[in-house]
Amino acid sequence: MKLDEMMDEIRDVNLNYLMLAQHMIQTDKTAAVFRLGISQDVADLIETLTAAQILKLAGSGMLVSRFRFDDGMVLNMLTSYTKDRAMAQSHAAILMAGQAAFA
């Protein structure tokens, strides 16, 4: 993949993420803050972004989202295909809920 193609892909991911995040925040801010793993301040900022600001941020050249889990245990729980998958995913959600939101 060429650098230009990678930058286009990053822009597309950012644009989709920001549009989804803004919609989620406008629909149910409390749930969006939890599901996106962001602080209330960041949610307030995303909620007020104009279309031009979203496009500018999307084209910044770096991903605006990040993985919420920093250890393999949570990732393993989310991708586990055991008989008790629902329990593993619930446990992972509880662990992620206890993590601090990033500003």
With equal scatterers on the alpha carbons only and no solvent term, can you work out the Debye log10 of I(q)/I(0) for the range 1-66 at 0.13, 0.14, 0.27, 0.28 1/Å? -0.35, -0.40, -1.15, -1.20
Mind giving me the nanometre distance, one decimal, between the label points for Gln53 and Leu3, set 7 Å out from Cα along Cα→Cβ? 3.1
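A short reminder: the numbers here are calculations on the coordinates, not readings from a lab. Keep in mind that what you see is a predicted model, and the values were worked out from it rather than measured. Backbone-built Cβ (ideal geometry, glycine too); neighbour counts: all protein chains shown.
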